[in-house]
Amino acid sequence: MNELLSQSSELKREATELLDDYHLLSILKKYGNPLIIGSYDLDVMTWRDIDVYIGNDVMFEDAFFRLGRELTMRFEPKKMIYRNERIAKTPHLPNGLYWGMYADSLEKEWKFDIWLVSTELVRQQLKKQQQLKSMLTDEKRNLILSLKQQNGYRRYYTSEDVYKGVIEHNVRDAGAFFIWLQQQKNGQVKR
């Protein structure tokens, strides 16, 4: 196993330990159907970040704030960010409520992105993740990890861009990815 894959495996091991020690999924299950998404699920972690969708079609802000309080009591975060994307409707963000939490857990800094979204979105995301995982190889994982460590990552392109380019469009190296990305941004590649 190469260095990037090894680092990703170690981060996933740490994340799994964190999820178990802090009983995060047990907390989230009280508020809906949680699904861990993104780099943890795809085994392409480059930093201490856990993304979760909670499927619930009837939860309102008061319950979501109770969840925020419960997370605060459990993790003692140094920072929490609330967003109401049901109202703001920012492009490329899900329609839902959001807690962004920064906490020092297990002696390391972690970021949590917790979204309350529709159960249909959780079903769609689960289907998408299963499809992506079925197409992943160690070679693709390695390229994804490499692209997620570039300076422009998260500023000029997102993990969604990386997954789409490498997994769905079979981009095979960094140079080809950046050409593909530019073509996509110019509308020359189907999203």
Please compare each pair in Lys30/Lys185; Lys89/Lys133; Lys108/Lys140; Lys29/Lys185; Lys30/Lys140 to a cut-off of 31 Å on the Cα-Cα distance and tell me which ones are over it.
Lys30/Lys185; Lys29/Lys185; Lys30/Lys140
Modelled FRET efficiency - R0 41 Å, Lys29 with His169, Cβ distances, 0.05 increments
0.70
Send over the per residue convex hull volume for the stretch 3-126, Cα only, as a whole number of Å³.
102 Å³
Along the stretch 38-50, what does the Karplus equation 6.51 cos²θ - 1.76 cosθ + 1.60 (θ = phi - 60°) give for ³J(HN,Hα), rounded to whole Hz, x for Gly and Pro?
x, 4, 4, 5, 8, 6, 9, 7, 10, 7, 7, 9, 10
Using the number of other C-beta atoms within 10 angstrom as an exposure proxy, rank Ile37, Ile144 with the fewest first.
Ile37, Ile144
Neighbour-count order for Ser134, Ser105, Ser8, fewest beta carbons within 10 angstrom listed first
Ser134, Ser105, Ser8
Which of Met59, Met45 has the fewest other C-beta atoms within 10 Å, and how do the rest follow up to the most?
Met59, Met45
For the stretch 152-179 and the stretch 1-65, what is the centre-to-centre distance using only Cα atoms, to the nearest Å?
23 Å
What residues have an amide H closer than 5 Å to that of Trp110, excluding those fewer than 5 places away on the same chain, when H is modeled at 1.01 Å from N in the peptide plane?
Ala103, Asp104, Ser105
Whole-Hz ³J(HN,Hα) for each residue in the stretch 91-106, computed from phi via Karplus 6.51 cos²θ - 1.76 cosθ + 1.60 with θ = phi - 60°, x for glycine and proline: what do you get?
x, 6, 10, x, 7, x, 9, 9, 10, x, 10, 10, 9, 8, 10, 6
Show the residues, 5+ positions off or on another chain, whose built amide H is closer than 5 Å to the amide H of Ile37.
Asp51, Val52, Tyr53
For the chain, what does the relative contact order come out to in percent, with C-alpha contacts under 8 Å and a separation of six or more?
20 percent
So what are the stretch 34-191's ellipsoid semi-axes, whole angstrom, largest first, if each one is the square root of 5 times an eigenvalue of the alpha-carbon gyration tensor?
29, 18, 15
Phi-derived 3J(HN,Hα) across the stretch 128-144 with the Karplus relation (6.51, -1.76, 1.60, θ = phi - 60°), rounded Hz, x for Gly and Pro, is 4, 4, 4, 5, 4, 4, 5, 9, 7, 10, 4, 4, 5, 4, 4, 5, 4
Rounded tilt (10° steps) of 3-22 against the dominant C-alpha axis of the chain:
10 degrees
Where does the chain land at 222 nm, in deg cm²/dmol rounded to the nearest 500, when only DSSP H runs of n ≥ 4 count, each adding -39500 (n - 2.57), divided by all residues?
-14000 deg cm²/dmol
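Coordinate-derived values only; no laboratory data. Computed from a predicted structure; not experimentally measured. Counting neighbours? That spans all protein chains shown, and the Cβs are built from the backbone with ideal geometry, glycine included.
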